[in-house]
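Asks: First, the structure itself, so that you have it in front of you.
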Amino acid sequence: MSSQDLLEISKQAFMYSFFLYCIAFIAYAIAVIGKSWRNREPVSHERKWGRISFFISTAGLLGHLLYFGTRWAGAGRIPVSNMYEFMSFLSMMIMVAFTIVFIIYRKTLLGLFALPVAVIVMAYAAVFPAEVQPLIPSLKSIWLYIHVTLAATGEAFFAVGFAAAFMYLLRTVNFEGKEKVDRRQKWWVEFTMFSIIIVVGFIVAVFAFRAAGYQAVFSNEQISVDSAGVSTTKVNKVEYNLPPIVAPYDSKVESMQSFIGMNEPLLHAPSWVEGGTAGRKLNTIVWSIVAGAIIYLLLRLLVRRPLGKLVSPLLKGLDPDDLDEISYRAIAIGFPIFTLGALVFAMIWAQQAWGRFWGWDPKEVWALISWLYYSAYLHLRLSRGFQGRKASWIAVLGFLVIMFTLVGVNLVIAGLHSYAGTD
């Protein structure tokens, strides 16, 4: 079988697993929501649909593993070297972590929260080019296999810990309360919902304009001076696939399709956002917030209540202590794996590739911040009384830190790990 055949099988397996995850999510929703609606035999209903849901999600995971294996064979290397491959692998490991935790605790409702995380990460992966690209020299190392796969596996368990912790908050926050502490807790739950929807908004915006074939091209001049004092001017062109709310700094329009009457960019990036790709990344961030806000407002208008208040009644049958335990155990499993992958083996690889163990690259810094954050979580967790809501909030915010490390750093900050970004 040729490499092209293997890559085509990989592409089909990716889509197969994505749709099965979506179907599994619906099945988990039926298991949970149907239980609250039925007056008779609710336990048997949940058990029946729980088995069906787990079977479908496991079938999706097998398809995901098929994608991974065939792409590895077709590309001739482990598929974790760019954002498409890494985020696809991360979503696969989230499903592996979920499957392990589900087998241990048998909590059907966990699928209602873990599956959307995997689906969103997988959809985010599909935003990036899926073509197999040759490895740059610094990636041609056995440490690529070890560093990236272990880091992603640790982050996958953090994702399951996040899902359980967020479920705990939805289960315990008093959405009917009028006290100041209740209002504050409700606000933060809703902000977490909004943060997740911003990622969804980014995915929706990219796919919508990609389907529409939108394109705009900008050019700007870059002046460089060599050691002899001779200056040269180079014209750089930057392609946008989202309408330019923010155009690159000091740029000119080469070509631009009209969008609801917008034939010119609304704004130009400030002078401190230099470079065309930096302006494009800023535009992407603005579009993510705009699209996420629109989706959030539409959902609020549809349900006419805060989203947290809508979901909270579904969790009334769960023991909060079980959710707290699941979150802690998932993070405790993921932490040593993340430590080895994201720090120890990463530094060994950095020494081989760049001649130093540590260089304060933005991705390295945020990996260290993530590690310190979860170190503090586990340390505080062992302290008396630091459980329940306090620990859950730290677990939720910790995964937001992880997602900024994976997504935000690539969109906002340039560094040695920029090969893993969108450019």
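Asks: Residues of the stretch 93-105 being buried (at least 21 other Cβ atoms within 10 Å of the Cβ) and either of a type in the set (V, I, T) or farther than 9 Å from T153 by Cα (or both), which ones?
Replies: Within the stretch 93-105, I94, M95, F98, V101, F102 qualify.
Asks: Quick one: what pairs do we get from the stretch 118-137, first residue free of Cβ contacts under 8 Å to residues at least 40 places away in the same chain, second among the small types (G, A, S) and surrounded by 21 or more Cβ atoms within 10 Å (Cβ to Cβ), C-beta under 7 Å, 6+ apart or different chains?
Replies: V121/S91
Asks: For the structure I just gave you, tell me whether S57 is open to solvent by less than 30 Å² (accessible area, probe 1.4 Å), assigned to a helix (DSSP H, G or I), at pLDDT 90 or above and small (G, A, S).
Replies: So S57 fits the description; yes.
Asks: Only one of I333, I369, I326 is over 30 Å from A31 (Cα atoms) and at pLDDT 85 or above. Can you tell me which?
Replies: On inspection, the qualifying residue turns out to be I369.
Asks: Now for a separate question. Just to be sure before I move on: is F158 out of contact with any helix residue (DSSP H, G or I) (no Cβ under 8 Å at 6 or more places or on another chain), among the aromatic types (F, W, Y) and either under 30 Å from T339 (Cα atoms) or modelled with pLDDT of 85 or more (or both) in the structure I sent?
Replies: no
Asks: Between a residue in the stretch 86-107 that is closer than 14 Å to A163 by Cα and any residue that is open to solvent by less than 50 Å² (accessible area, probe 1.4 Å) and not in a helix (DSSP H, G or I), which pairs come within a Cβ distance under 9 Å, given they are 6 or more apart or on different chains?
Replies: The qualifying pairs are F102/T108; K107/L318.
Asks: Which residue is most open to solvent (accessible area, probe 1.4 Å), if the candidates are limited to the stretch 175-209 and must be outside any helix (DSSP H, G or I) and without any contact (Cβ under 8 Å) to a residue 12 or more places away in the chain?
Replies: In this case the residue turns out to be K178.
Asks: Here is a follow-up. Just one of (1) touching a helix residue (DSSP H, G or I) at 6+ places or on another chain (Cβ under 6 Å); (2) open to solvent by less than 70 Å² (accessible area, probe 1.4 Å); (3) not β-branched (V, I, T) trips up L340, so point out which.
Replies: Failed condition: (2).
Asks: In addition: Tell me, which residue of the stretch 392-423 that is modelled with pLDDT of 65 or more and open to solvent by 20 Å² or more (accessible area, probe 1.4 Å) is farthest from W358 (Cα to Cα)?
Replies: W393
Asks: Within the stretch 230-252, count every residue that is in a strand (DSSP E or B) and either within 19 Å of A212 (Cβ to Cβ) or under 28 Å from the mean Cα position of the chain (by Cα) (or both).
Replies: 5
Asks: Show the residue pairs that are 6+ apart or on different chains and have beta-carbon atoms under 7 Å apart, the first residue being within the stretch 306-319 and farther than 11 Å from L109 by Cβ and part of a loop (DSSP other than H, G, I, E, B), the second being among the polar types (S, T, N, Q) and open to solvent by 70 Å² or more (accessible area, probe 1.4 Å).
Replies: Nothing qualifies.
The values are calculated or read from the model by the stated rules, or taken from the named source; none is laboratory data. Because the structure is predicted, anything quoted here is derived from the model rather than measured. So basically every Cβ, Gly included, is an ideal-geometry build from the backbone, and we count neighbours across all protein chains shown. Keep in mind that these areas ignore ligands, DNA and RNA; they rest on the heavy atoms of the full protein, side chains included. Shrake-Rupley method; radii C 1.70, N 1.55, O 1.52, S 1.80 Å.
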